[in-house]
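Here's the structure, in structure tokens; my notes come after.
Read the figures in this text as sums done on the coordinates, not as results from a lab. The shown structure was predicted, so the numbers you read here are calculated from the model rather than taken from an experiment. Positions of Cβ are backbone-derived with ideal geometry, glycine not excepted, and every protein chain shown enters the neighbour counts.
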Amino acid sequence: MFTFFLERVFEFRVLGQGLKWKYRKMLLKESKRKKIWEPFVLPRFKKVNGTITSFQNMVPGVLYRPKDSTFPLVDMYYKDSSEKLYGIQATMAKKHAKNVTVYQEFYDEIGTDPITTPLMLYYLIMPCNIEHFSQATFSEGKFFLDVKSRKSASWMKKISFFAIVPPDDFGAEF
């Protein structure tokens, strides 16, 4: 229920005035750089499309939110003007490991693959989970159940993981 609310708020914000939240990349390897929460800004989207749309037919400025509740991996996805693919998954969970077949199903649905179309996958989280998503690094098993598979190994280099959270003053926006 909370994830549904989170999805609706995200959708409402990107169709309204755009979105000004915060994000951080979830690193799979150690880094000396301090990871902080940075501004996550999306311009206003033109509309929401409820159909499953292939990457080739996607239009920048449109948020794709399939009505099919069995759509794999993400709740929403979009393409920017640079032809980059973004996925949004609203979650209350702290674990997100999926079999590589779930990633494959997503790519099959949109008619491409991670080698030609890398994915930036954003987990839309509640502020109460920000501490968990602020850790320095995450294990590969955080995102892939079958880490040792050859396909998982090659895809891990083409899929980037991020966390998005509403700003501290979120309640003041309404």
Helix-only mean residue ellipticity at 222 nm, the chain, DSSP H runs n ≥ 4 weighted -39,500 (n - 2.57), per residue, nearest 500. What is it?
-5500 deg cm²/dmol
Which of Phe12, Val74, Leu85, positive extreme of dipole for the chain (C-beta unit charges)
Leu85
With the alpha-carbon atoms as the only input, what is the per residue convex hull volume for the chain in Å³?
119 Å³
Surpassing 25 Å at the alpha-carbon level, of the pairs Lys46/Lys98; Lys29/Lys151; Lys46/Lys84; Lys29/Lys98; Lys20/Lys94; Lys22/Lys84, are Lys46/Lys98
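How large is the dipole of the chain about the Cα centre if only Lys and Arg carry +1 and Asp and Glu carry -1, each at its Cβ, rounded to the nearest 20 debye? If you can, show how the numbers build up before the last one.
Numbers: 27 positive and 18 negative charges, 113 e Å.
Around 540 debye, computed over the chain.
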